[in-house]
1. Tell me, which residue of the range 37-46 that is open to solvent by 90 Å² or more (accessible area, probe 1.4 Å) and out of contact with any helix residue (DSSP H, G or I) (no Cβ under 9 Å at 6 or more places or on another chain) is farthest from ALA10 (Cα to Cα)?
2. Within the range 18-30, does at least one residue satisfy the condition of being without any contact (Cβ under 8 Å) to a residue 12 or more places away in the chain, in a helix (DSSP H, G or I) and of a type in the set (A, V, I, L, M)?
3. Would you mention how many residues in the range 1-18 are among the polar types (S, T, N, Q) and surrounded by fewer than 11 Cβ atoms within 10 Å (Cβ to Cβ)?
4. Could you count how many residues in the range 46-90 are among the hydrophobic types (A, V, I, L, M, F, W, C) and either under 12 Å from the mean Cα position of the chain (by Cα) or not in a helix (DSSP H, G or I) (or both)?
5. Kindly provide the set of residues from the range 50-68 that are among the hydrophobic types (A, V, I, L, M, F, W, C) and surrounded by 10 or more Cβ atoms within 10 Å (Cβ to Cβ), ordered by number.
6. Does GLU34 meet the test of being part of a helix (DSSP H, G or I), modelled with pLDDT under 90, charged (D, E, K, R) and surrounded by 10 or more Cβ atoms within 10 Å (Cβ to Cβ)?
Amino acid sequence: MTKLAQWLWAPALLGSAWAALTLGALDLPSSCREGLWPLPTYLLVSNGCFALATVGYCVATFHDCEDAARELQSQIQEARADLSRRGMRF
């Protein structure tokens, strides 16, 4: 099963369970049914908060690759020297 299929099956399964509970497929008290109506909004907001926190954490703990940066700078200097030899001015 591909990742896309997994990501599509989970909301479909949760959505169908939510619809079944909300629309009365099971005999739930009305107080429980009223609590189910805003559930998709709560899940969407909590998912957005989790995604924002994950991105913030990854940005805050980003590791610098000093060796790769030095290698890239040396390659840039080599490319500039080669292009200068060929007549390009910077």
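1. Filtering the range 37-46 down to residues open to solvent by 90 Å² or more (accessible area, probe 1.4 Å) leaves 37, 42-44.
With out of contact with any helix residue (DSSP H, G or I) (no Cβ under 9 Å at 6 or more places or on another chain) added as a condition, the list becomes 42, 44.
Working: TYR42: 16, LEU44: 13 Å.
Only one residue fits best here, namely TYR42.
2. Going through the range 18-30, the residues without any contact (Cβ under 8 Å) to a residue 12 or more places away in the chain turn out to be 19-20, 23-30.
Checking which are in a helix (DSSP H, G or I) leaves us with 19-20, 30.
Cutting the leftovers down to of a type in the set (A, V, I, L, M) gives us 19-20.
Looking for residues that are without any contact (Cβ under 8 Å) to a residue 12 or more places away in the chain, in a helix (DSSP H, G or I) and of a type in the set (A, V, I, L, M), one finds at least one in the range 18-30, hence yes.
3. Going through the range 1-18, the residues among the polar types (S, T, N, Q) turn out to be 2, 6, 16.
Then drop every residue that is not surrounded by fewer than 11 Cβ atoms within 10 Å (Cβ to Cβ), which leaves 2, 6.
Residues that pass the stated criteria total 2.
4. Residues of the range 46-90 among the hydrophobic types (A, V, I, L, M, F, W, C): 49-53, 55, 58-60, 62, 65, 68-69, 72, 76, 79, 81, 83, 88, 90.
Filter again for either under 12 Å from the mean Cα position of the chain (by Cα) or not in a helix (DSSP H, G or I) (or both), leaving 49-53, 55, 58, 62, 65, 88, 90.
Count: 11.
5. Taking the range 50-68 first, the residues among the hydrophobic types (A, V, I, L, M, F, W, C) are 50-53, 55, 58-60, 62, 65, 68.
The answer is PHE50, ALA51, LEU52, ALA53, VAL55, CYS65.
6. Working: part of a helix (DSSP H, G or I): yes; modelled with pLDDT under 90: yes; charged (D, E, K, R): yes; surrounded by 10 or more Cβ atoms within 10 Å (Cβ to Cβ): yes.
Yes: the conditions hold for GLU34.
The values are calculated or read from the model by the stated rules, or taken from the named source; none is laboratory data. Just so it is clear, the structure is predicted and the values come from calculations on it, not from any experiment. Heads up, the Cβs are rebuilt from the backbone with ideal geometry, glycines too, and the neighbour counts pull from every protein chain shown. In case anyone asks, the SASA skips ligands and DNA or RNA and just uses the protein heavy atoms, side chains included. Shrake-Rupley method; radii C 1.70, N 1.55, O 1.52, S 1.80 Å.
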